[in-house]
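Written below as structure tokens is the structure these notes are about.
The values are calculated or read from the model by the stated rules, or taken from the named source; none is laboratory data. Here the structure is a predicted model, which means the values were calculated and not measured. When we count neighbours, we look across all protein chains shown, and the Cβ atoms used for this are built from the backbone with ideal geometry, even at glycine.
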Amino acid sequence: MIAPLNNRPLLCLTLLLVANLLLLSFQVQNGRGKSLASASLAIEAPAANMLNFLRSNAVDFFRRYIDLVDTETSNQSLRLENRRLLLEIKRLLSLTEAAKRIKNFDRLASISDFDTTTASVIQRGPPFLGSVMVVNAGRNQGIRENSAVIVPEGVVGRIQTSGLWTSRVEPIINPQAAVGAVLGGSRNLGVIRGDVDGSLRLHYIPHSVEVAAGDTVLTSGMDGIYPKGLPIGRVASVKHGNEIHQKIRVDPTVDFNRIEETLILRARPLNDLKDRQNGKEITASGKTP
Amino acid sequence: MSRSLRKREILVLVAGIMLLQTLSSALFKAGFYVDLALVFVVYASRYLGPAESTVIGCLFGLTQDITGLQPLLGLNGFSKTAVALVAFLLIRKLVLSDFWSKSLLLLFLSIIDGFIILLLMTLLTSDPPSALANSVVSRAAMTALLGGPLLYFLDKIKSPEKDFSQIE
């Protein structure tokens with residue numbers, strides 16, 4: 001079908017380039033193209049899920065293989081027994097860790113005025129594209145765009161695009177991201193933005209405010225996305241330049257390379273919040289008994 | 001569709017890009033980023049006509065856009081379309097018999113690809129990621145180092161007795 005066009009390659013090239021430019025323009029113009037992003041997530045989701053499954057199984061397979069090689073070389077029943085016990089300890093330790101993690105998640109869920117959904121990270125983007133992540137929860141689980149994504153250590157980011165089964169998370173270390181922030185000590189308001197080196201910058205803090213390394217930075221709740229009081233990071237360094245505001249570098253409390261599970265906050269219906277303010281008990285599902 | 005690259009093989013390459021590009025995200029932490037779509041575009045350009053090469057370039061680029069978590073759909077579609085035609089022309093002009101020469105070709109094409117994407121991001125977004133600009137050369141080097149041997153072996157599998165230098 002395309003072969004006849006081989007005599008006119010420039011025509012074909014021009015048509016394809018224009019088509020791609022139109023596609024790009026459609027997405028950039030007035031922020032449209034969310035449906036395109038959502039559709040591309042839906043296409044990608046099965047591959048990402050399958051690979052995540054394969055990757056976890058491959059790791060298990062190689063671990064077992066290494067264990068087998070160790071066992072063969074030791075060739076003694078006592079060592080075999082030792083090995084079995086060590087594996088058992090490791091399994092129990094990992095179970096304990098998982099239980100702790102779940103306990104932390106439960107604690108977070110209970111203190112929040114939001115319904116929550118736990119989701120695993122199934123894909124990560126490269127750092128030069130802002131370290132975006134894909135989690136295995138989407139519109140079918142009630143996830144909407146601009147929902148806050150957190151872990152027990154602090155804020156991870158927001159849902160940028162939600163597909164049917166997966167969602168794309170824009171982490172706060174992304175240079176395009178911004179979070180309303182407040183300094184833990186002085187309670188001065190500022191804005192946190194990501195930086196290319198994976199750290200954060202706290203903007204709009206005047207020189208008159210005393211800021212020291214180690215000060216905590218929390219969410220202010222002013223941005224309409226993140227609830228107030230969640231930890232963002234700690235001040236790493238402060239510079240007083242010639243500009244109006246201080247240059248403050250903040251180290252995030254979350255290790256973005258190690259995130260496996262996340263908690264996505266979904267705003268509760270208004271009636272539930274009113275009931276909560278009136279002191280009525282709310283069940284785990286968010287409904288009054 | 002082609003002289004010696006069947007539709008089935010093209011589908012396999014598309015599936016390969018989807019799977020490997022998604023899988024390679026695990027390596028990002030270690031600083032690896034191989035532009036597999038570019039490697040496959042160069043590979044396909046050898047066996048196809050100029051118009052077919054650009055269509056395949058566009059197809060592979062869009063596949064990469066979908067699976068590679070690109071900020072905008074069409075960035076790689078645009079760049080790979082242009083790069084495919086450049087690859088088609090260069091492959092027929094240069095003698096590329098070993099994987100070092102193929103690596104050099106990939107290095108050159110990857111840099112062109114990176115700059116096209118950077119240019120598009122600068123034109124289309126108000127705040128293009130500076131990390132993307134910093135990574136153009138390192139990505140090109142990684143693609144050349146790992147993609148060159150891959151291209152060499154793909155070529156050997158496809159036509160064991162021929163190489164790029166024997167193209168008419």
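Summary of computed values
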item: Matching residues, the range B:88-117, being closer than 14 Å to B:G148 by Cβ and small (G, A, S); result: B:S97, B:S101, B:S103, B:S110
item: Unique residue being within 14 Å of the chain's Cα centre (by Cα), under 30 Å from B:A140 (Cβ atoms) and surrounded by fewer than 19 Cβ atoms within 10 Å (Cβ to Cβ) when the list is A:G157, A:G198, A:G130, A:G125; result: A:G198
item: Odd one out for A:T219 among (1) loosely packed, with under 15 Cβ neighbours inside 10 Å; (2) in contact with a strand residue (DSSP E or B) (Cβ under 8 Å, 6 or more places away or on another chain); result: (1)
item: Filtered residues of the range B:60-76 (kept if β-branched (V, I, T) and touching a Ser or Thr at 6+ places or on another chain (Cβ under 7 Å)); result: B:I66, B:T67
item: Test: residue in the range B:89-99 that is free of Cβ contacts under 8 Å to residues at least 40 places away in the same chain and within 19 Å of A:N20 (Cβ to Cβ); result: no
item: The range A:230-259: number of residues that are among the aliphatic types (A, V, I, L, M), in contact with a Lys or Arg (Cβ under 9 Å, 6 or more places away or on another chain) and at pLDDT below 90; result: 1
item: Residue within the range A:176-183 that is in contact (Cβ under 8 Å) with a residue 60 or more places away in the chain, under 30 Å from A:I205 (Cα atoms) and within 14 Å of chain B (Cβ to nearest Cβ) present; result: no
item: Residues of the range B:41-85 satisfying the condition of being farther than 17 Å from B:L13 by Cα, at pLDDT below 85 and among the small types (G, A, S); result: B:G49
item: Selection within the range A:140-173 - under 30 Å from A:S208 (Cβ atoms) and within 14 Å of chain B (Cβ to nearest Cβ); result: A:I173
item: Test: residue in the range A:110-124 that is touching a Leu at 6+ places or on another chain (Cβ under 7 Å), assigned to a strand (DSSP E or B), touching a residue at least 12 places away in the same chain (Cβ under 8 Å) and not polar (S, T, N, Q); result: yes
item: Test: residue in the range A:60-80 that is over 30 Å from B:L89 (Cβ atoms), modelled with pLDDT of 70 or more, part of a helix (DSSP H, G or I) and facing another protein chain (nearest Cβ under 7 Å); result: no
item: Close pairs from the range A:21-46: first more than 10 Å from chain B (Cβ to nearest Cβ), partner at pLDDT 75 or above and part of a helix (DSSP H, G or I), Cβ under 8 Å, at least 6 apart; result: A:R32/A:F26
